[in-house]
Amino acid sequence: YAKSEGGNAMRFFEAAMQATITARATLESELRAALAGHQFLLHYQSQVTSEGRIVGAEVLLRWQHPTRGLVPPFGFIDLAEETGLIVPLGFWVLEDACKQLEHWAHHPGRRDLELAVNVSARQFREEDFVQRVREVLDRTGADPTRLKLELTESLVQNNVAATAEKMKSLAAMGIRFSMDDFGTGYSSLSYMTQLPLNQIKVDKSFVQKIGDDPKVELIIQTIIGMARNLELEVVAEGVETRQQLAFLEKHRCTLYQGYLFSKPVPLAEFEAQLDPEIIA
Ligand code: C2E
Ligand code: MG
Ligand code: MG
Ligand code: MG
């Protein structure tokens with residue numbers, strides 16, 4: 001009768017829950033081992049001007065898993081956030097990117113390249129975030145003016161004054177800031193006036209509706225216009241088609257990033273894009 005059915009459903013539910021908990025625990029211990037065992041690496045996705053010049057790249061985290069192959073962020077970023085592992089992982093990303101910047105600083109054709117590094121809310125909110133970034137810069141010798149930190153709107157929530165203060169300390173070192181996935185999160189335009197931002201990134205969910213949705217096109221135009229008035233750069237992310245590019249160029253976006261130019265690729269492939277004449 002009903003009670004025993006309920007009991008069966010409950011046992012099934014508990015078994016499913018247990019399986020989920022076990023899988024999460026496995027993934028968590030794998031993540032810890034991966035961090036200790038150098039299984040993470042960065043891919044580089046170029047950012048280009050409307051003339052097609054590569055000004056730099058966004059670095060995107062990848063996990064070279066011993067059996068599952070290359071794992072993209074959606075397979076582990078959420079758990080890394082929940083467990084706090086995103087903090088050491090995020091600093092590893094920052095340090096690796098800074099080492100690369102320092103390396104390029106000695107190469108005439110590459111010393112102007114910029115790298116954009118994603119920073120999670122959890123990492124940014126660490127008490128000693130500013131100090132640790134300073135230490136990474138000191139340790140690697142990277143030029144802070146070549147570094148851009150990508151923040152998301154979720155980070156600002158309820159915390160504009162504290163966020164602004166940290167950003168200003170970092171900006172004083174020469175670091176620049178981009179608001180990632182602009183318009184998809186908690187959007188309060190008031191923070192735009194309070195944070196020392198240099199750039200906003202139009203989210204790919206908007207870019208991908210160009211040609212299909214006139215209202216989204218108007219939103220993109222509005223974002224670009226607002227950015228121009230506030231003297232911010234605008235990067236369009238997720239540019240996949242010539243049509244999307246033509247629309248964005250018509251409205252004078254600053255920089256473009258997307259599969260139309262390149263997917264995120266390993267360092268050597270990114271560097272090959274910088275020297276196209278070498279590829280015979
Ligand atoms: P994001 O920062 O918005 O990065 C852009 C994402 O869009 C990347 O996905 C990139 O591969 C993808 N993308 C770029 N161009 C195109 C395109 O033309 N079409 C399509 N369909 N996708 C495109 P990815 O590498 O899977 O990263 C996903 C998210 O994971 C990132 O979104 C970012 O939020 C997070 N993430 C990646 N690396 C890091 C990291 O080092 N630290 C932190 N905290 N988060 C990271
Ligand atoms: Mg990003
Ligand atoms: Mg983005
Ligand atoms: Mg996005």
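The values are calculated or read from the model by the stated rules, or taken from the named source; none is laboratory data. Values in this document were obtained by computation on a predicted structure and should not be read as measured data. All Cβ positions, glycine included, derive from the backbone under ideal geometry; neighbour counts span all protein chains shown.
Quick look at the values:
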item: Matching option when the condition is under 20 Å from the mean Cα position of the chain (by Cα) and either modelled with pLDDT of 95 or more or among the charged types (D, E, K, R) (or both), among Leu197, Leu155; result: Leu197
item: Selection status of Thr140, over 17 Å from Arg228 (Cα atoms), surrounded by 20 or more Cβ atoms within 10 Å (Cβ to Cβ) and away from ligand 3 (no atom under 16 Å from the Cβ); result: no
item: Entirely in region 19-94, the strands (runs of 3 or more DSSP E) that have 3 or more residues that are in contact with a strand residue (DSSP E or B) (Cβ under 6 Å, 6 or more places away or on another chain); result: 40-48, 54-65
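Yes/no matrix, rows are residues, columns are (1) over 20 Å from the mean Cα position of the chain (by Cα); (2) at negative phi; (3) exposed (fewer than 10 other Cβ atoms within 10 Å of the Cβ):
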residue	(1), (2), (3)
Ala33	yes, yes, no
Val55	no, yes, no
Arg62	no, yes, no
Thr67	yes, yes, yes
Gly84	no, no, no
